Amino acid sequence: MAEEQSAGIGYKPLYMHVRESLVQRLIDGRWQPGEMIPSEIQLAQELNVSQGTVRKALDTMVKEYLLVRRQGRGTFVAQADDAKLVFQFFRLKPDEGGAVYPDSQLRALDRAAATDDEAEMLDLAPGAAVIRMERLRSIGETPVIAETITLSADRFPGFPERDAVPNNLYHLYSTHWGITIAQAEETLKAVAAGADAAALGCSVGAPLLRVHRLARDLSDRPVELRISRCLTDALHYAVKLT
């Protein structure tokens, strides 16, 4: 990889080219979740770039939650259950007190044909087989989120039965199928409680926050469609804009 890049239309800084090369190692499975990666010096020699360029690429990947630095030990491929990353894709926080990761109860797990919306969002053929889950998530003893999760059945062969599905789904995707959730697009909308009212312990018509999420992997392929209906009496949605 050349050290210098000429400017022009479509110019991309060299460290971003290095980042893309390193992300490809995650996609190819050359670096596994939890594995320590080579040092900056080793990577710089291998890629024929400066150590500073490698450090900038790694800094970007740490900010993207793809890597984790551990003081005195080195840099590791992030795992979805790392304490620092567990809240990366969970943005609801109590109005009082610190962040709390919710427990989950799987209410239903079915294999069915994709709806038109599911097929479009997940880039599937019409009527393709999907795995559809209904979960109820609670903080303490209080139900706060009812959610529907849809996955392509072809991408998740051997998906566990209902009693074996863990709370942290993104860790499951990573460890069993090598699929890392790298980013997600969310839209928020105020809605009224309907069929989920009884499970959430609220009245029909009570105000809920609907979070519509499409999660993508390192290759930017859609992986998971998740629609969450959230009680926000004591919670709020928080995001840091930079």
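Numbers for the structure displayed
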read-out: Selection count where residues are of a type outside the set (A, V, I, L, M, F, W, C) and open to solvent by less than 50 Å² (accessible area, probe 1.4 Å), scope region 181-205; value: 3
read-out: Tally, over region 195-205, of residues that are in a loop (DSSP other than H, G, I, E, B) and without any contact (Cβ under 8 Å) to a residue 24 or more places away in the chain; value: 4
read-out: Criterion (in contact with a Ser or Thr (Cβ under 8 Å, 6 or more places away or on another chain) and closer than 30 Å to D154 by Cα) met by exactly one of E64, E118; value: E118
read-out: Residue list for region 25-68, restricted to those being closer than 19 Å to S174 by Cα, outside any loop (DSSP other than H, G, I, E, B) and either in contact with a strand residue (DSSP E or B) (Cβ under 9 Å, 6 or more places away or on another chain) or open to solvent by less than 50 Å² (accessible area, probe 1.4 Å) (or both); value: R25, L26, I27, M36, M61, V62, L67, V68
read-out: Which numbered condition L109 misses (of (1) in contact with a helix residue (DSSP H, G or I) (Cβ under 7 Å, 6 or more places away or on another chain); (2) loosely packed, with under 14 Cβ neighbours inside 10 Å); value: (2)
read-out: Failed criterion for L218 (all others in (1) in contact (Cβ under 8 Å) with a residue 24 or more places away in the chain; (2) open to solvent by 40 Å² or more (accessible area, probe 1.4 Å) hold); value: (2)
read-out: Contacts under 9 angstrom Cβ, first residue in region 125-138 being over 14 Å from I227 (Cα atoms), partner modelled with pLDDT under 95 and assigned to a loop (DSSP other than H, G, I, E, B), 6 or more apart; value: S138/P102
read-out: Top-ranked residue in region 162-180 [being open to solvent by 30 Å² or more (accessible area, probe 1.4 Å) and of a type in the set (G, A, S); ranked as nearest to Q24 (Cα to Cα)]; value: G178
read-out: Residue list for region 133-161, restricted to those being surrounded by fewer than 18 Cβ atoms within 10 Å (Cβ to Cβ) and acidic (D, E); value: E134, E141, D154, E161
read-out: Residue check, D116 in contact (Cβ under 8 Å) with a residue 60 or more places away in the chain and open to solvent by 50 Å² or more (accessible area, probe 1.4 Å); value: no
read-out: Out of L225, L208, sole residue that is open to solvent by less than 30 Å² (accessible area, probe 1.4 Å), without any contact (Cβ under 8 Å) to a residue 60 or more places away in the chain and outside any loop (DSSP other than H, G, I, E, B); value: L208
read-out: Meets criteria (surrounded by fewer than 14 Cβ atoms within 10 Å (Cβ to Cβ) and at pLDDT 95 or above) for E96; value: no
read-out: Which numbered condition S104 misses (of (1) open to solvent by 60 Å² or more (accessible area, probe 1.4 Å); (2) among the polar types (S, T, N, Q); (3) over 17 Å from P222 (Cα atoms)); value: (1)
read-out: G72 vs. criteria in contact with a helix residue (DSSP H, G or I) (Cβ under 9 Å, 6 or more places away or on another chain), open to solvent by 20 Å² or more (accessible area, probe 1.4 Å) and among the small types (G, A, S); value: no
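The values are calculated or read from the model by the stated rules, or taken from the named source; none is laboratory data. It should be emphasised that the depicted structure is a prediction, and the values quoted were computed from it without experimental measurement. Every residue, glycine among them, receives a Cβ derived from its backbone with ideal geometry; neighbour counts consider all protein chains shown. Side chains are part of the model used for accessible areas, which takes the heavy atoms of the whole protein and leaves out ligands, DNA and RNA. Shrake-Rupley method; radii C 1.70, N 1.55, O 1.52, S 1.80 Å.
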